[in-house]
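**Q** Once you've had a glance at the structure underneath, I'll fire off some questions.
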Amino acid sequence: MRELSQLIDVEEPAWPELRETLDASPVSVEVLPADGDLGRASILQLQVTARSYLGAVVLHCGGLLVDDGWVRVFGSPASGAAHGAPGLAGMNQFPGRFDPAWRPETGLVVAHDVLGGVFALNGAAPAGADRPGAPGEVVYFAPDSLRWEALGAGHSAWLAWLVSGALDEFYAALRWPGWREEVRALNSSQGLSVFPPLWSAEARRDISATSRRAVPMGELLGVARDSCRQFDGVDPGFLGAV
């Protein structure tokens with residue numbers, strides 16, 4: 001186990017580079033204020049260094065609201081942060097005190113989108129958790145297919161992709177005229193429940209004809225989990241503590 005100083009006092013920390021990438025993003029990226037104590041406790045528990053994008057996000061920001069908040073990347077939010085942003089530690093149920101034996105059970109949940117999509121960083125044995133991809137790869141639980149999908153990138157490459165403007169293509173079939181206004185009206189503990197459901201033929205045919213309402217994110221993820229169990233008899237596993 002590395003001491004905190006070994007994790008944060010590093011040459012070539014990633015935050016300046018990442019901050020430049022965020023500032024140059026063609027989509028809106030709101031950087032939420034951080035809680036320094038929470039950031040240090042989180043990076044210690046993760047045992048990643050500040051040279052990584054994951055370490056930089058956890059140590060230096062309270063989270064990222066990407067593309068008007070369509071995607072929420074979890075960091076270490078200050079108390080009372082705008083939009084009620086959850087933190088990476090709480091989302092993944094970090095122990096209250098540093099525990100060298102603790103590991104995320106199936107992988108680390110690093111972001112949610114407003115439709116109940118989940119981005120997670122694979123752990124050491126993704127196949128054992130019934131997830132695709134390699135160890136350390138970011139995977140996505142898609143609310144329109146109720147399946148985990150491998151994204152072919154580690155955390156740093158995924159985060160750079162996320163703010164590159166690629167979301168328009170990635171979510172092309174899941175956005176409707178006026179989506180920005182609906183998303184901006186949410187806080188970060190809410191998502192959009194869509195009816196007919198995103199996986200239905202009706203929604204696939206015309207997403208703009210669906211009805212949508214704001215619900216707690218926990219409710220949205222619970223419905224997705226129950227749907228997986230009902231249709232496939234498969235539990236998608238941990239989707240975040242919300």
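**Q** Please go through the range 114-137 and pick out each residue that is closer than 30 Å to Glu202 by Cβ and touching a helix residue (DSSP H, G or I) at 6+ places or on another chain (Cβ under 9 Å).
**A** Passing the criteria: Val114, Leu115, Gly116, Gly117, Val118, Phe119, Pro132.
**Q** Give the residues of the range 25-58 that are closer than 12 Å to Leu88 by Cα and of a type in the set (Ser, Thr, Tyr), sorted by residue number.
**A** Scanning the range 25-58 gives a single hit, Ser42.
**Q** A follow-up question, please. May I ask you to verify whether Thr106 is within 24 Å of Pro135 (Cα to Cα) and not charged (D, E, K, R)?
**A** Taking the combined requirement at face value, the residue satisfies it.
The numbers here are math on the coordinates, done by the rules we state, and not lab data. On a predicted model such as this, the values are computed, not experimentally measured, just so you know. Cβ sites come from the backbone with ideal geometry, for glycine too, and all protein chains shown count toward neighbours.
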